[in-house]
Amino acid sequence: MNHSPLLEKAIQLLDTESLHIPVLDLACGSGRNGLYLVNHNIPVVFADIKPSALEQVKTTLANHNAEVKPSINFWQIDFEQTQITPLEGKSFSAIIVFRYLHRALFDQIKQAVTDGGYVIYETFTVDQPEFGRPNNPNYLLQHGELAEIFSEWEIIHSFEGVIDANNESGKQAIAQIIARKPK
Ligand SMILES: C[S@@+](CC[C@H](N)C(=O)[O-])C[C@H]1O[C@@H](n2cnc3c(N)ncnc32)[C@H](O)[C@@H]1O
């Protein structure tokens, strides 16, 4: 699966900002988005609950003949544990989150992005059940929710709407944000 076009809007920001501190691909799955950053020589931490997802990323990287390889790390973690705050004390130049929502993480995400760093978030909205899964409200953003959560950050890009998709209905309802944490 290809990376999200949203990352192409952010790549120049990340190229200049993330030379030393890695980007976190939170709930990375196959790593399609973090791998796009790796291809741009940006260091990435791939994080997911599923060891099989991280193995898939490793296999893709092993088959990848890049001349320059940035620093890459893997983190097998359950972000929804209630006893711990997994992002506390960590620092990333950006956190990217695609197709994943666990609202209790938002405060940690905001803290773990370094000052002047970025959040790049894209997931489904409450309009999605019209077009397919997911339909659990816990996994669906309310209208304006991302912009509200990051209202104290500089909003570089914000979008909500229905886009073409490679699924049965041919459509999906998503929200996107690129926002910069104040320095
Ligand atoms: C729909 S996939 C999206 C994967 C990737 N971000 C993408 O857009 O291709 C959701 C991912 O979230 C991961 N996930 C679900 N619950 C999780 C949790 N509690 N902690 C960490 N990762 C989780 C799943 O293993 C899966 O890889």
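Values in this text are rule-based calculations from the coordinates and carry no lab data. Because the structure is a prediction, the values reported are computed rather than measured. Reconstructed Cβ throughout: ideal geometry from the backbone, glycine too, with neighbour counts over all protein chains shown.
Karplus-based coupling profile of the stretch 74-88, in residue order and whole Hz: 10, 9, 8, 8, 9, 6, 9, 5, 8, 7, 10, 10, x, 8, 4, with θ = phi - 60° in 6.51 cos²θ - 1.76 cosθ + 1.60 and x standing for Gly or Pro. Derived scalar couplings between HN and Hα for the stretch 43-49 equal x, 9, 9, 8, 10, 7, 6 Hz in order, rounded to whole Hz, by the Karplus curve 6.51 cos²θ - 1.76 cosθ + 1.60 (θ = phi - 60°), x for Gly and Pro. Under conditions of 25 °C and 0.890 mPa s, the stretch 1-124 yields 169 µm² s⁻¹ as its translational diffusion coefficient, taking Rh as the Kirkwood radius over Cα pairs in the Stokes-Einstein equation.
Under a Gaussian network description of the chain, with springs only between Cα atoms under 10 Å, the residue in Glu88, Glu168, Glu148 that fluctuates furthest is Glu168. A full extension of the chain between Lys171 and Lys69 corresponds to an added length of 33.2 nm, given 0.36 nm per residue minus the alpha carbon distance. Going toward the positive end of the dipole of the stretch 1-155, with +1 on Lys and Arg Cβ and -1 on Asp and Glu Cβ, which of Val45, Leu6, Ala112 do you reach last? It is Val45, whose Cα lies furthest towards the positive end. Distances between placed amide hydrogens fall under 5 Å for Leu141 paired with Phe124, Thr125, Val126, all partners being 5 or more residues away or on another chain. Overall, the stretch 80-183 carries a charge dipole of about 300 debye about its Cα centre when +1 sits on the Cβ of Lys and Arg and -1 on the Cβ of Asp and Glu, all other atoms neutral.
The calculated FRET efficiency for Lys9 paired with Lys50, based on their beta-carbon distance and R0 = 45 Å, is about 0.95. Only lysine pairs 8 or more places apart, or on different chains, with alpha-carbon atoms under 25 angstrom apart are counted in the stretch 1-120, and they number 10. Backbone geometry of the stretch 93-105 corresponds, through the Karplus equation with coefficients 6.51, -1.76 and 1.60 at θ = phi - 60°, to 3J(HN,Hα) couplings of 6, 7, 10, 10, 9, 10, 6, 8, 9, 9, 4, 5, 8 Hz, x marking Gly and Pro. Where both bridge residues fall in the chain, DSSP classifies roughly 45% of the beta bridges as antiparallel. Relative to the Cα centre, the charge distribution of the stretch 1-120, modelled as +1 at Lys and Arg Cβ and -1 at Asp and Glu Cβ, gives a dipole magnitude of about 200 debye.
Computed on the chain, with alpha-carbon pairs under 8 angstrom and 6+ residues apart, the relative contact order is 18 percent.
Can you tell me the alpha carbon radius of gyration of the stretch 51-150 divided by the globular rule-of-thumb value 2.2 N^0.38 Å?
Working: Rg = 16.0 Å, N = 100, 2.2 N^0.38 = 12.7 Å.
Ratio of Cα Rg to 2.2 N^0.38 Å: 1.26.
The residues Asp15, Asp164, Asp48, when put in order of fewest to most other Cβ atoms within 10 Å, stand as Asp164, Asp15, Asp48. By the gyration tensor of its Cα atoms, with a ≥ b ≥ c the square roots of the eigenvalues, what is the shape of the stretch 120-183: rounded for a/c under 1.5, prolate for a/b over b/c, or oblate? Prolate, since a/c reaches 1.5 and a/b exceeds b/c. When each of Tyr36, Tyr139, Tyr118 is scored by the number of other beta-carbon atoms lying within 10 Å, the sequence from fewest to most is Tyr139, Tyr36, Tyr118.
When the helices of the chain are scored as -39500 (n - 2.57) per DSSP H run of n ≥ 4 and the total is divided over every residue, the value at 222 nm lands at -6500 deg cm²/dmol.
From least to most packed, judged by other beta carbons within 10 angstrom and beginning with the fewest, Thr85, Thr125 follow the order Thr85, Thr125.
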